[in-house]
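**Student:** Below is the structure I would like to discuss, written out as structure tokens.
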Amino acid sequence: MVPIINTWFEALLPTVLVVLFMLICIFTLDPQDVRARRLLGTVASVITLQYLVWRLFGDTMPEWGWWSVWPIVFVCFEVLNTLNGVFGNFSLMKHVNRTPEADQHEKRLRAMPPGDLPFVDVLIATYNESWDVLEKTVLCAKNMTYPNFKVWVCDDSRREWLEEKCKEYGVGYIKRKDNSHYKAGNLNNAFAVTKADTNVEFIMILDADFCARPNFLWRTVGFFQDPKVG
């Protein structure tokens with residue numbers, strides 16, 4: 001019994017140490033510090049690549065032959081997925097803090113007369129989500145404190161009860177006769193409906209389970225004064 005316990009302990013010890021290291025980093029390092037992000041990203045990448053080396057050069061590879069085509073294809077996809085994770089770690093190491101710029105834009109916009117603020121259409125794309133999910137999204141969108149916007153629920157399921165709910169909550173409702181091109185088709189159909197309002201300058205798109213913060217538009221619309229932002 002003792003050798004079995006020792007074997008399990010030896011096998012799990014590296015994992016336990018890595019988890020403890022990550023927890024210590026998470027609770028002690030500043031996530032805004034680029035050095036901390038690089039440290040965690042590098043450690044995670046090294047561990048991931050170590051797994052990949054073990055997977056390719058250990059005893060897990062199938063024997064070569066026509067009968068092993070599927071296992072080899074599976075390994076290829078596993079390699080691609082693992083490398084994708086490593087590249088993701090490196091992309092997360094980079095951090096740009098836009099808070100000061102957002103503060104400046106919000107201050108500038110709040111100083112403008114409400115009628116001069118750009119108008120925004122807020123589109124909520126939905127297919128089969130229940131009202132328990134959609135209600136939170138609709139209410140959060142409606143409760144944004146920005147003065148110039150309208151909320152539209154883009155229903156790709158043509159649900160009569162949802163149309164009634166939209167009337168009850170005072171938001172726009174858009175449906176179409178088919179589901180061609182899925183979500184993209186749903187949004188393009190909404191663009192065709194809402195473009196009749198020539199005052200619209202920006203479009204904000206929400207999934208059915210997204211809850212916008214009350215000041216979201218205040219802190220984002222201002223960035224578009226830069227013609228390079230799109």
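**Student:** Between Met112 and Arg35, 0.36 nm times their residue separation minus their Cα-Cα distance comes to what? Working shown, then result.
**Tutor:** Details: separation 77, 0.36 × 77 = 27.72 nm, distance 3.92 nm.
Net length gain for the segment: 23.8 nm.
**Student:** What is the percent of Cα-Cα separations in segment 1-127 that go past 17 Å? Spell out each step's value before the answer.
**Tutor:** Numbers: 6098 of 8001 pairs.
The calculated P(r) of segment 1-127 puts 76 percent of pairs beyond 17 Å.
**Student:** Probe 1.4 Å, all protein chains in place: accessible area of Phe21 in Å², nearest 10?
**Tutor:** Spelled out: Phe21, probe radius 1.4 Å, area about 80 Å².
**Student:** Roughly what angle does helix 99-110 make with the longest principal axis of the chain, taking Cα atoms, 0 to 90 degrees, to the nearest 10?
**Tutor:** Between the helix axis and the principal axis of the chain, the angle is about 10 degrees.
**Student:** Rank these by accessible area, largest first, 1.4 Å probe: Trp70, Trp161.
**Tutor:** On the way: Trp70 170, Trp161 110 Å².
Output order, biggest surface exposure first: Trp70, Trp161.
**Student:** What does the convex hull of the Cα atoms of the chain come to per residue, in Å³, rounded to a whole number? Don't skip to the end; give the middle numbers.
**Tutor:** Values: hull volume 56.2 nm³, N = 230.
Once divided by residue count, the hull of the chain is 245 Å³.
**Student:** I've got another one for you. What angle do you read, to the nearest 10 degrees and between 0 and 90, between the alpha-carbon axis of helix 160-169 and the longest principal axis of the chain?
**Tutor:** 70
**Student:** Efficiency by 1/(1 + (r/R0)^6): what FRET value for Phe202 and Phe27, r their Cβ-Cβ distance, R0 = 41 Å, to the nearest 0.05?
**Tutor:** Numbers: r = 39 Å, r/R0 = 0.96.
That gives a FRET efficiency of 0.55.
**Student:** For each cysteine in the chain, check whether another cysteine's C-beta sits under 4.7 Å from its C-beta; list those where none does.
**Tutor:** Cys25, Cys76, Cys154, Cys166
**Student:** Right, something else. Among the listed pairs Lys142/Lys177; Lys195/Lys228; Lys94/Lys175, which have their C-alpha atoms separated by more than 32 angstrom in this model?
**Tutor:** On the way: Lys142/Lys177 27 Å; Lys195/Lys228 23 Å; Lys94/Lys175 41 Å.
Long pairs (Cα-Cα over 32 Å): Lys94/Lys175.
**Student:** Taking 0.36 nm per residue of separation and subtracting the Cα-Cα distance, what length does fully extending Phe77 through Val133 add?
**Tutor:** On the way: separation 56, 0.36 × 56 = 20.16 nm, distance 3.45 nm.
Extra length available between Phe77 and Val133 comes to 16.7 nm.
**Student:** Another question, if that's okay. Stretched out fully, how many nm does the piece from Val69 to Phe90 gain, at 0.36 nm a residue minus the Cα gap? Write out the running numbers ahead of the final one.
**Tutor:** Working: separation 21, 0.36 × 21 = 7.56 nm, distance 3.21 nm.
Roughly 4.3 nm would be gained on extension.
**Student:** Applying 1/(1 + (r/R0)^6) with R0 = 25 Å to the Cβ-Cβ distance of Thr7 and Gln50, what FRET efficiency is obtained, to the nearest 0.05? List each step's numbers first, then the result.
**Tutor:** Numbers: r = 20 Å, r/R0 = 0.80.
FRET efficiency, Thr7 to Gln50: 0.80.
**Student:** Is there a quick way to get the dipole size of segment 178-222? I mean about its Cα centre, with the Cβ of Lys and Arg at +1 and of Asp and Glu at -1; what is the value in debye to the nearest 20? Intermediate values should be presented prior to the final figure.
**Tutor:** On the way: 4 positive and 5 negative charges, 33 e Å.
About 160 debye.
**Student:** Per the 1.4 Å probe, what fraction of the accessible area of segment 62-202, in percent, lies on carbon and sulfur atoms? Write out the running numbers ahead of the final one.
**Tutor:** Values: 5210 of 8930 Å².
Carbon and sulfur atoms account for 58 percent of the accessible area of segment 62-202.
The values are calculated or read from the model by the stated rules, or taken from the named source; none is laboratory data. Small disclaimer: the values here were computed from a predicted structure and weren't measured. Cβ atoms come from the backbone with ideal geometry, glycine included; neighbour counts cover every protein chain shown. For the accessible areas, the whole protein counts, side chains as well, though only heavy atoms, and no ligand, DNA or RNA atoms are used. Shrake-Rupley method; radii C 1.70, N 1.55, O 1.52, S 1.80 Å.
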